[in-house]
Every structure is written in C-alpha cells, then in structure tokens.
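*Asks:* First, the structure itself, so that you have it in front of you.
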Amino acid sequence: MKPKGLFPSYRLILLLTLSIVLLLMDSKTEMFSQGRAVVSVVALPIHMVASSPVLFFRWIGNDLEDWGELKQKYTVLQRQHLIMQSRLQQFDALQAENMRLRKIIGAESKLSEEALFARIVEVHPDLYNQTVLVDRGAADGVYVGQAVIGPAGVIGQVVRVGLFRSSIMLITDSSQGIPVQFVRSGIRTIVYGSDQGNLLSAPYLARTADVRRGDLFVTSGLGDLYPEGYPVGTIKEIDSDVNSPFLSVVAEPTAQPSAVREVLLISHNGNKITATDLEKMSN
Amino acid sequence: MISNSSRSKKWWVIPITLLIAFCFFAVPTGGSLNSYNPDWISLVLIYWCFAVPKKIGLLPAWLIGLFLDVVSFGTLGRYALSKLVLVFFADRLALRVRMFPVWQQSFIVLILLIGETVLLMFIGIIIGDIDFSSNRWIAVLIAAFLWPVIYIILRRVRQWARLP
C-alpha cells in the first residue's frame, strides 16, 4: 500500500500542474484558439442530442397551431413588414443626410458594417456563465469580439469560435461591460451584467446624473467593440443612497437575450463609408 | 478485474453513461432556469467512483474534464482541474461510503459537489470568466437530492453490465 500510495499523488500533482498551465495559457494567450476550433466539432453530436427535446416540442407546437392562429400571425407580420419598409426608406435618406452633415462639420464618418445572420442553437453550453451557441463559426468568418445584435437590441459578443459553432456571452453576464450613452440626456457610462438573472446594472452614475426611470440607452461606440447606436436597455429602478456618491441603477435589456432565436453578427470591415456609398444611398 | 473474466463484463457502459450525462449537461431548461441544472457529469463520475473504486483513474477523469472544457466552450483546464480533484476525493472516500445507506451517501455527494463548486468559483475568480449566480448552490442541492435516483438507475446499469 505504501509505495502504491505515492503513485497516484505523484500523478495528481502532475495533472494539477498541467491543468493550471493550461488554464493560464488559454486565458492569457490565443495559442489554442485554432486547435480548439477544430476539436470543438466533437461537441456537435452532443449538442444535437441535447437540443432535440426542445426542437421536438417546438415542432409539435408548430404542428398544432391552427389555421386561424397562423393567419392572424401572418397578417401581423405583413403589417410589421410594411411599417419597417417605409421606415427603412426614410432611414437611407436620413443616413445620407447625416453623412453630408458630418462632412460639413468635419466629423469622422462612421465605419461601414456587415451583418451575418445566425440562429441560436437550443443548448445551454456551460453551467457557470451566461453563454449561448450560434450555428456559425470560423468556417463562416466569425471572429472573437464580434458584436451580436438581436431584433430589439444588443445581445452580447462572440467569446469563442468553433469551426461551425461559436459561443456568445450575453450582456447580462456579470463579467460583461458595455459602453453606453443615454438617448435623452447624452450621458455616457458603462453598463454591466448582474448576477441576478436578466438584468443590467450601471454602477458609475453620479448622484446628480440626469437619469429617469424608463430612459433608453444605446451603445456609444467607445471601446470599438460594439458599433454605435444600437439599443441596449432601459432603466428599471433608481435608488439613491445618501452615503454613496453613486446611484444604484438597475436596467432591463431591450432585447431579452435569453429568449432570442435569431441574431445578427456585426463586423466592422474597416472601411469608412465613402463618397460612392453616399451617392448610392441618396439615389 | 482479471482479463479472462472481463469478457462478460461490459465496461463500455461507463463511457456510455458519461456521454448521456454530457447531453443532459447541455440540455436547455429555458431562460433563467438554466442555472439550476445540476452537474450530471459529476454525479455519474461520483457513482462510478463509489461503485468501482480506482477504475476511472485520474488521467481519464482529467481527460473527461478537458473534453467538457471543449464541449462547453469554456477556458481549457477549468473542468479538467475540477473533475480531477472530484474523482481523486471520490475514490478516496469510496470504500467508506459504500457501506452507507443511500441518504447518507447523498450527504457525502453534497459535500463533494460543494467542494467542486467552490473550486470552480475560485478558478473563475482568478481567470475572471465566471458569472457565478447564487442559483448554483441550489443546483448543488438539487443534485444531492437526485443522488438516490442516479444511484438506483446506475446500479441497474451496473448489474446489467455485470460489473463488480
């Protein structure tokens, strides 16, 4: 027993050291990112099985939806589509006007953006953080740090890329911070995820800051990660404590990040919007 | 354990049960309920450590954890470390725990899982990639309550596979 007793602890120490080295190397460097992208393909069948119950129930639900319900949904969607279209026409003209005005005041023009459509995979990849998987990966040109936008606002950012899947950390994760600007008052601050479910918190607003319940804030574009102007959340509760120089502000994300099914992955392609783009827009 | 009697023993059920646990690990339970999902892989690992002590071994435990790191898109080495330590202690306790009634085993399982969660929390704080919601402690309690169910199901599997 005695000589054998030494053996496992020797192996234990070896493996412990190896794990710690791995942890440090993977969190501080990009060394393994390419290798893991390829290896993560092994997760595909596991995630396929894990998502099957949800997909099954959704399929049943869709099948049982009756004709009238579908028709109603269809008319609502059609109406929404029409409204969006008319707004979009205005948007092009407005953007062109905006660019012209920016030129006049000599401001730098915005970067042009490209969007990649992705679906959320119905799995919950990790128990200890708020991540979701999307069905796009390195094979589709996804990269770490890409901003992810849902139909109603910012969802999060890409944190790890596999060959066919990437994981997205939601803005409601407490390790995430996002630079924002209030639409009404123009105040800039940083909003963090909070560990209490689907909420955000803004810890750095001074007690005298001009914020009210219901105020909308959008991405400010500072930090170069999230593109400017996408809605992030609205203020839900404001508490001011006499002893603290800061307000304690609880906010609600405009997009319910955990309920979204389809998202856009936004990438800056580095090009400034040019004069020819401007012509195209105004035509 | 000797090679000529191992022909009828179906050792492959251990990886199969672990693979099923991997699927359960990733099942979405919907919105904020996700954080209550117990760690099925730890439960299955603990069962096999108790039932067939020293059979899983430290290197396989480490590899299982590393595989989980890849599957969960997390930092490499996080689960590798936690599963390694979990199996090490579960193996040490196995011979004592086997004599206990199931509900007392639940208690030991609870302690093991609390240990693993504290370790993961600690790693998360150092690496800075963890969103530790207090729901995880409830998930650990749920796991301990699930232990008798896991025990009964896996004991059936073990008897069917004719493992010792």
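*Asks:* Look through A:Asp140, A:Asp135 and report the one residue that is over 15 Å from the mean Cα position of the chain (by Cα) and surrounded by 12 or more Cβ atoms within 10 Å (Cβ to Cβ).
*Replies:* Of A:Asp140, A:Asp135, the one residue that is over 15 Å from the mean Cα position of the chain (by Cα) and surrounded by 12 or more Cβ atoms within 10 Å (Cβ to Cβ) is A:Asp140.
*Asks:* Just to be sure before I move on: is B:Phe73 facing chain A (nearest Cβ under 8 Å), open to solvent by 10 Å² or more (accessible area, probe 1.4 Å) and in contact (Cβ under 8 Å) with a residue 24 or more places away in the chain in the structure I sent?
*Replies:* When the stated conditions are applied, B:Phe73 does not pass them.
*Asks:* For the stretch B:118-138, indicate whether the set of residues that are modelled with pLDDT of 90 or more and under 13 Å from the mean Cα position of the chain (by Cα) is non-empty.
*Replies:* no
*Asks:* Okay, next question. Hand me the list of strands (runs of 3 or more DSSP E) wholly inside the stretch A:200-279 holding 3 or more residues that are modelled with pLDDT under 85.
*Replies:* Correct list: A:262-272.
*Asks:* Which residue out of A:Leu82, A:Leu24, A:Leu14, A:Leu70 is more than 7 Å from every other protein chain (Cβ to nearest Cβ), under 30 Å from A:Arg165 (Cβ atoms), out of contact with any Ser or Thr (no Cβ under 6 Å at 6 or more places or on another chain) and assigned to a helix (DSSP H, G or I)?
*Replies:* Sole residue among the options that is more than 7 Å from every other protein chain (Cβ to nearest Cβ), under 30 Å from A:Arg165 (Cβ atoms), out of contact with any Ser or Thr (no Cβ under 6 Å at 6 or more places or on another chain) and assigned to a helix (DSSP H, G or I): A:Leu24.
*Asks:* Here are some conditions: (1) more than 13 Å from chain A (Cβ to nearest Cβ); (2) at pLDDT below 90; (3) touching a Leu at 6+ places or on another chain (Cβ under 7 Å). B:Arg98 meets all but one. Which one does it not meet?
*Replies:* (3)
*Asks:* From (1) assigned to a helix (DSSP H, G or I); (2) open to solvent by 50 Å² or more (accessible area, probe 1.4 Å); (3) hydrophobic (A, V, I, L, M, F, W, C), pick out the condition that doesn't hold for A:Met31.
*Replies:* (1)
*Asks:* Can you tell which of B:Leu95, B:Leu154 is surrounded by 14 or more Cβ atoms within 10 Å (Cβ to Cβ) and either in a helix (DSSP H, G or I) or touching a helix residue (DSSP H, G or I) at 6+ places or on another chain (Cβ under 9 Å) (or both)?
*Replies:* After ruling out the rest, the residue left standing is B:Leu154.
*Asks:* Collect the residues in the stretch B:76-90 that are open to solvent by less than 20 Å² (accessible area, probe 1.4 Å) and more than 8 Å from every other protein chain (Cβ to nearest Cβ), keeping them in residue-number order. Explain how you work it out, then say what you get.
*Replies:* Kept after step one, since they are open to solvent by less than 20 Å² (accessible area, probe 1.4 Å), are these residues of the stretch B:76-90: B:76-84, B:86-87, B:90.
Of everything in the stretch B:76-90, those that are open to solvent by less than 20 Å² (accessible area, probe 1.4 Å) and more than 8 Å from every other protein chain (Cβ to nearest Cβ) turn out to be B:Tyr79, B:Ser82, B:Lys83, B:Leu86, B:Val87, B:Ala90.
*Asks:* Conditions: (1) in contact (Cβ under 8 Å) with a residue 12 or more places away in the chain; (2) surrounded by fewer than 22 Cβ atoms within 10 Å (Cβ to Cβ); (3) under 21 Å from A:Asn198 (Cα atoms). B:Pro53 meets all but one. Number of the miss?
*Replies:* So B:Pro53 meets the others, but not (3).
*Asks:* Right, next: Working only within the stretch A:112-142, note down all residues that are over 27 Å from B:Phe25 (Cβ atoms) and not in a strand (DSSP E or B).
*Replies:* A:Gly141, the sole residue that qualifies.
*Asks:* Another one. Could you figure out which of (1) open to solvent by 40 Å² or more (accessible area, probe 1.4 Å); (2) farther than 30 Å from B:Ile114 by Cβ; (3) not charged (D, E, K, R) isn't true of A:Gln146?
*Replies:* (1)
*Asks:* Can you spot a residue in the stretch B:32-49 that is under 30 Å from A:Phe56 (Cα atoms), more than 8 Å from chain A (Cβ to nearest Cβ), modelled with pLDDT of 90 or more and open to solvent by 20 Å² or more (accessible area, probe 1.4 Å)?
*Replies:* yes
*Asks:* Related question: Are any residues in the stretch B:50-65 among the aliphatic types (A, V, I, L, M), within 14 Å of chain A (Cβ to nearest Cβ) and closer than 23 Å to B:Arg156 by Cβ, and if so, which ones?
*Replies:* Scanning the stretch B:50-65 gives B:Ile56, B:Ile64.
The values are calculated or read from the model by the stated rules, or taken from the named source; none is laboratory data. Please read all numbers here as calculations on a predicted model, not as lab measurements. Neighbour counts are summed over all protein chains in view; Cβ atoms, including those assigned to glycine, are modelled from backbone coordinates with ideal geometry. Surface accessibility is based on the protein's heavy atoms, side chains included, excluding ligands, DNA and RNA. Shrake-Rupley method; radii C 1.70, N 1.55, O 1.52, S 1.80 Å.
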